[in-house]
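The values are calculated or read from the model by the stated rules, or taken from the named source; none is laboratory data. Just so we're clear, the structure is a prediction, and the values are computed from it rather than from any experiment. Here the Cβ is made from the backbone with ideal geometry for all residues, glycine too, and neighbour counts use every protein chain on show. We work out accessible area using only protein heavy atoms, side chains counted, and drop any ligands, DNA or RNA first. Shrake-Rupley method; radii C 1.70, N 1.55, O 1.52, S 1.80 Å.
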Amino acid sequence: MGLDHLPSGYASLDASRPWVVYWITHSLELLGEGVGEPARAEYGARVVAFLGKCRAPGGGYGGGPQQLPHLAPTYAAVLALLTVGTPAAYASIDRAGLYAFFLRMKAPSGGFRMHEDGEVDVRATYTALCVATLLNMCTEELKAGAAAYVLACQSYEGGFGGEPCNEAHGGYVFCAYASLVLLGAQLFADVSAFEEWLANRQMEVEGGFQGRPNKLVDSCYSFWQGGAAALLEQGYLNGDRLGLWDDAYWLTDVADEGGGGAPRFTPDVSLPCVQLDLQRDPDAGREAERSGALPPPPPAAA
């Protein structure tokens, strides 16, 4: 199962095919079996060729061939290509088209919308800012108003919701705080309240994280909350630890022969990816460091 073929149950993810590619390629990279290595060059070439079919004519990537461009699969596709890391993978990215797509997705609020006429939230804002940063084209034009929009999404609880006035939620929390880090604006948030909210999401018995109060723990939310904690430690606590990393029991408990992500859940290719990310050295294998080889912003940014 993997890049060669997938079970029929994955047909329901037809609009998320770049995500399936990313989960698999990133997992292989974390295991030291990256598809960009010479021994697996065939797989790397196939990834590049397939994602090229998902690229929309006006910029961005759709969830599959001939689908409308959307910021979520755009994020997955670009990260998969940077993970492959070959000259062909880099050359396949239409940076000028992506920049034009990001400008079209920019909302008057300062945030970004997921697709044409789609919702504006911190997911879209993070994916646009992250890809633009990785491709060395996160200009002031793209960043304008984004920090104010994200800061308006911090709730009275201390976490961040998907939109202003929404309940704080694990996935949105990471996207919001990571956006602020990319913008250099994290200290404008109520970081003490955020730290308290985040610490309270780790459950005493399992050791993993829940996404919001009164919800179950799983490895997906442990990834999002753990990622936010790592950013908080690096950018606000100056490397001091929050003490939220005793997850060994939880990860052992949810692992199975097929790679599930929560007790009694059906295994898939996404949750093993986040499990591996939870266990890696946070200072190793950063795809962002590869962006230093990329050229300046495309002419569309001028």
### Those residues of segment 58-109 which are of a type outside the set (Val, Ile, Thr), under 16 Å from the mean Cα position of the chain (by Cα) and closer than 22 Å to Ala147 by Cβ, in sequence order
Leu71, Ala72, Tyr75
### Message
Condition first: more than 28 Å from Ala147 (Cβ to Cβ), in contact with a Ser or Thr (Cβ under 8 Å, 6 or more places away or on another chain) and small (Gly, Ala, Ser). Can you find one or more residues in segment 24-33 that meet it?
### Response
no
### Task
Provide a single number: the residues in segment 35-94 that are open to solvent by less than 30 Å² (accessible area, probe 1.4 Å), assigned to a loop (DSSP other than H, G, I, E, B) and hydroxyl-bearing (Ser, Thr, Tyr).
1
### Enumeration of residues in segment 167-207 that are among the aliphatic types (A, V, I, L, M), open to solvent by 30 Å² or more (accessible area, probe 1.4 Å) and part of a loop (DSSP other than H, G, I, E, B)
Met203, Val205
### Query
Counting only residues that are among the small types (Gly, Ala, Ser) and over 22 Å from Tyr221 (Cβ atoms), which one in segment 123-147 is most open to solvent (accessible area, probe 1.4 Å)?
Ala144
### Query
What number of residues within segment 111-143 are in contact with a Lys or Arg (Cβ under 9 Å, 6 or more places away or on another chain) and small (Gly, Ala, Ser)?
3
### Task
Kindly indicate whether Trp245 is modelled with pLDDT under 90 and either in a loop (DSSP other than H, G, I, E, B) or at positive phi (or both).
yes
### Selection status of Val150, modelled with pLDDT of 95 or more, β-branched (Val, Ile, Thr) and crowded, with 16+ Cβ neighbours inside 10 Å
yes
### Task
Determine which single condition Leu142 fails, assuming it passes every other condition in (1) over 28 Å from Ala41 (Cβ atoms); (2) part of a helix (DSSP H, G or I); (3) touching a His at 6+ places or on another chain (Cβ under 9 Å).
(3)
### Query
Of Thr25, Thr74, Thr83, which residue is of a type outside the set (Lys, Arg) and in contact with a His (Cβ under 6 Å, 6 or more places away or on another chain)?
Thr83
### Query
Can you name the residue in segment 95-122 that is open to solvent by 10 Å² or more (accessible area, probe 1.4 Å) and acidic (Asp, Glu) and, of all such residues, is nearest to Ala178 (Cα to Cα)?
Glu119
#### Entry: Filter result (assigned to a helix (DSSP H, G or I) and farther than 16 Å from Ala76 by Cβ) within segment 1-34
Ser8, Gly9, Ala11, Ser12
### Task
Please determine, by comparing only the residues of segment 156-166 that are assigned to a loop (DSSP other than H, G, I, E, B) and open to solvent by less than 20 Å² (accessible area, probe 1.4 Å), which one is nearest to Ser222 (Cα to Cα).
Gly159
### Query
Given the residues Val78, Val150, which is the only one that is touching a residue at least 12 places away in the same chain (Cβ under 8 Å), closer than 30 Å to Gly44 by Cα and β-branched (Val, Ile, Thr)?
Val78
